[in-house]
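Asker: Here's a structure for you.
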Amino acid sequence: MRFKVLLAGVGLVAGGLVVGVEPAQAGSDSAVGRSAVTCSLKMPAKLVMRDPETFVQVGWNSGCPTGVWFQATFQTESPHAGPLIQGCRETGCPIHVRFTEVGVTTKWQPQGPVRDQHGRKVAELLPAQSVTKYASTAALSGTRKGTRTTLVATAAYYSAKSNRFVRSHNRLLLQYQDLGTSTWKNLTYVTPGTSGQATYTLITNRSRRYRVFVPSTNSVWYAYSAPITR
């Protein structure tokens, strides 16, 4: 089985050679390594792909060693993508998002414990998981004349096939917030036409804040527009 390899702070590795990450040296585990010290990634709830070179620097949770050099290695598991070897340092894991499978849960399995520069175990490495989807964006504009307010919503999502953001024609949710309150309420769903725009007109004698919400799909993350007041 062919493996993809990522390096902490370097890039991809050719020919199976690991460059820039010191191999773990053989050695007996330290007393610290035999204790209950555990180390885990502070994996974000969403991994978002905005372009082919999207990197996400994932840090460590508070249980990991501090003030010392260390390295750790994960191997990914997902339904259809090949396994990925991810090398990490004490500064975190620079994940190249395009090598994770879109729309499914990727499991990050430890390949041994956390080790220091002498190859000694300093902590147990815990598994993690992530979900990668493409980025989406939303925009809302509007006009108000008397009691008539007209809203125009647009949305787009990143397409890996065309390597750019393309207009979305999926339905969008308009929301409003009464001034002086903090609660957003649903107004209505709208569907963009062939131009990529969705227009909605309402009658109200109140000024309100409005925004548009792009729901998630199997491959695209949700997004909110910046709010406007009309």
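The values are calculated or read from the model by the stated rules, or taken from the named source; none is laboratory data. Because the structure is predicted, anything quoted here is derived from the model rather than measured. Don't worry about glycine lacking a Cβ; one is built from the backbone with ideal geometry, like all the others, and counts go over all protein chains shown.
Asker: I need the full set of residues from the range 46-68 which are under 13 Å from residue 126 (Cα atoms), in contact (Cβ under 8 Å) with a residue 24 or more places away in the chain and part of a loop (DSSP other than H, G, I, E, B), in order please.
Answerer: 63, 64
Asker: Please determine, by comparing only the residues of the range 104-127 that are of a type in the set (A, V, I, L, M) and in contact (Cβ under 8 Å) with a residue 40 or more places away in the chain, which one is surrounded by the most Cβ atoms within 10 Å (Cβ to Cβ). Steps first, answer last, please.
Answerer: First, the residues of the range 104-127 that are of a type in the set (A, V, I, L, M): 104, 114, 122-123, 125-126.
Still in the list and also in contact (Cβ under 8 Å) with a residue 40 or more places away in the chain: 114, 122-123, 125-126.
Numbers: 114: 28, 122: 22, 123: 23, 125: 24, 126: 15.
Step by step, filter the range 104-127, then rank; the result is 114.
Asker: Testing residue 57 on (1) under 24 Å from residue 164 (Cα atoms); (2) out of contact with any Pro (no Cβ under 7 Å at 6 or more places or on another chain), one condition comes back false. Which one is that?
Answerer: (2)
Asker: Right, next: For the range 210-230, enumerate the residues that are over 19 Å from residue 137 (Cβ atoms) and in a strand (DSSP E or B).
Answerer: Of all residues in the range 210-230, those over 19 Å from residue 137 (Cβ atoms) come to 229-230.
Scanning the range 210-230 gives a single hit, 229.
Asker: Being more than 28 Å from the chain's Cα centre (by Cα) and in a loop (DSSP other than H, G, I, E, B) is the filter here; which residues of the range 144-188 pass it?
Answerer: 146, 147, 179, 180, 181
Asker: Are there any pairs with C-beta distances below 8 angstrom linking a residue in the range 87-100 that is within 13 Å of residue 39 (Cα to Cα) to a residue that is aromatic (Phe, Trp, Tyr) and in a loop (DSSP other than H, G, I, E, B), with the two at least 6 apart or on different chains, and if so which?
Answerer: Pairs that qualify, where the first residue is within 13 Å of residue 39 (Cα to Cα) and the partner is aromatic (Phe, Trp, Tyr) and in a loop (DSSP other than H, G, I, E, B), are 89/69; 90/69.
Asker: Of 132, 147, which residue is β-branched (Val, Ile, Thr), under 30 Å from residue 209 (Cα atoms) and either modelled with pLDDT of 95 or more or assigned by TED's automatic domain parsing to the domain that holds residue 211 (or both)? Don't jump to the end; show me each part of the working.
Answerer: Numbers: 132 fails: under 30 Å from residue 209 (Cα atoms).
Only one candidate passes the filter, namely 147.
Asker: How many residues are aliphatic (A, V, I, L, M), touching a residue at least 60 places away in the same chain (Cβ under 8 Å) and touching a Phe, Trp or Tyr at 6+ places or on another chain (Cβ under 8 Å) if we restrict to the range 177-230? It would help to see each step written out before you state the result.
Answerer: Of all residues in the range 177-230, those aliphatic (A, V, I, L, M) come to 179, 187, 190, 198, 202-203, 212, 214, 220, 223, 226, 228.
After this cut, where a residue has to be touching a residue at least 60 places away in the same chain (Cβ under 8 Å) as well, the list is 212, 214, 220, 223, 226, 228.
Next, only the ones that are touching a Phe, Trp or Tyr at 6+ places or on another chain (Cβ under 8 Å) stay: 212, 214, 220, 223, 228.
Looking only at that region, the number is 5.
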